[in-house]
Every structure is written in C-alpha cells, then in structure tokens.
Amino acid sequence: QVQLVESGGGLVQPGGSLRLSCAASGINFGIYTMGWYRQAPEKERELVAIISSGGDSNYADSVKGRFTISRDNAKNMVYLQMNSLISEDTAVYYCKCAFRWYVYWGQGTQVTVSS
C-alpha cells in the first residue's frame, strides 16, 4: 500500500520559514519524480516544486529563490524548505509522487502565513 505522509505545516509570521517533510512508503522511491503542490481556498491546486529521480528540480515562478525542494532516497523522504514566506503562500500543501502512469498523493498539510 502506497502512503505519502506530509508533516511540518503550521502557522508562521510573514518573513518566516517552515520545512515540510513527506515520508513515502510502498513505492520504489528512487525512481519516482516527487513534487509539492498547494491549494489555497477557492483556488485550483498548483505546482510548487518538483524534483526528478536524478535530482533535477523545477519551481513555480512565485516561489523561485524562496523555496527549495530536496530528497533523501535512503530515507524515502522529500522536503520543501520555505523561506521568506508571504501571505500568498497560505494553502494546503500536498506531496505527490509520479512514475509513468503511477501517481499518488498525500493527504496534505496546512500552511498559514499570518501576523
């Protein structure tokens, strides 16, 4: 059974930082592309960052220079370091893994940026 479990969300002030973690199980982690997505209230889910099995990463323009995605294949973990957070980053953040037609999602973790 495939499971993706996110953690690390919470309430943070503008300008602050958070580190999200996603623990994967039930998959051959190293061959999967991993990604972080987010969905704000009344908005569609959007890509935040992805990292390939080879470690290549891409980011949404809105988070470039502020967020960093990384993975630890030995631990089956993917991370999202979020710095210089702004109110527009408030959303539920989801972890996703994909390999060919196999796609799985986590349950999400809430990130709220507010003073």
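Here is a check on your reading of the model: is R71 under 22 Å from S114 (Cβ atoms), of a type in the set (K, R) and at pLDDT 95 or above? First the steps, then the outcome.
Working: under 22 Å from S114 (Cβ atoms): no; of a type in the set (K, R): yes; at pLDDT 95 or above: yes.
No: the conditions fail for R71.
Give S52, S87, S115, S21 a once-over and let me know the one that is farther than 16 Å from V5 by Cα, under 14 Å from the mean Cα position of the chain (by Cα) and of a type outside the set (D, E, K, R). Let's see the steps before the verdict.
Details: S87 fails: under 14 Å from the mean Cα position of the chain (by Cα); S115 fails: under 14 Å from the mean Cα position of the chain (by Cα); S21 fails: farther than 16 Å from V5 by Cα.
Exactly one of S52, S87, S115, S21 is farther than 16 Å from V5 by Cα, under 14 Å from the mean Cα position of the chain (by Cα) and of a type outside the set (D, E, K, R), namely S52.
Those strands (runs of 3 or more DSSP E) of the stretch 20-111 in which at least 2 residues are open to solvent by less than 50 Å² (accessible area, probe 1.4 Å), considering only elements entirely within it, cover 33-39, 46-51, 67-72, 77-82, 91-99.
Pick out the one residue from N83, N58, N28, N73 that is under 18 Å from G10 (Cα atoms) and either in contact (Cβ under 8 Å) with a residue 12 or more places away in the chain or not β-branched (V, I, T) (or both). Talk me through it step by step, then tell me what you get.
Values: N58 fails: under 18 Å from G10 (Cα atoms); N28 fails: under 18 Å from G10 (Cα atoms); N73 fails: under 18 Å from G10 (Cα atoms).
Result of the check over N83, N58, N28, N73: N83.
If you go through the stretch 1-19 and keep only what is farther than 27 Å from I86 by Cβ and either open to solvent by less than 20 Å² (accessible area, probe 1.4 Å) or in a strand (DSSP E or B) (or both), you end up with just Q3.
Residue-wise test of (1) small (G, A, S); (2) in contact with a Lys or Arg (Cβ under 6 Å, 6 or more places away or on another chain).
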{"residue": "Q13", "(1), (2)": "no, no"}
{"residue": "G35", "(1), (2)": "yes, yes"}
{"residue": "E44", "(1), (2)": "no, no"}
{"residue": "G54", "(1), (2)": "yes, no"}
{"residue": "S57", "(1), (2)": "yes, no"}
{"residue": "F67", "(1), (2)": "no, no"}
{"residue": "D72", "(1), (2)": "no, no"}
{"residue": "L80", "(1), (2)": "no, no"}
{"residue": "N83", "(1), (2)": "no, yes"}
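The values are calculated or read from the model by the stated rules, or taken from the named source; none is laboratory data. Every value quoted in this text rests on a predicted model; they were computed, and no experiment measured them. Here Cβ is always computed from backbone atoms with ideal geometry, including for glycine, and neighbour counts include all displayed protein chains. Just the protein is used for accessible areas: all its heavy atoms, side chains included, with ligands, DNA and RNA removed. Shrake-Rupley method; radii C 1.70, N 1.55, O 1.52, S 1.80 Å.
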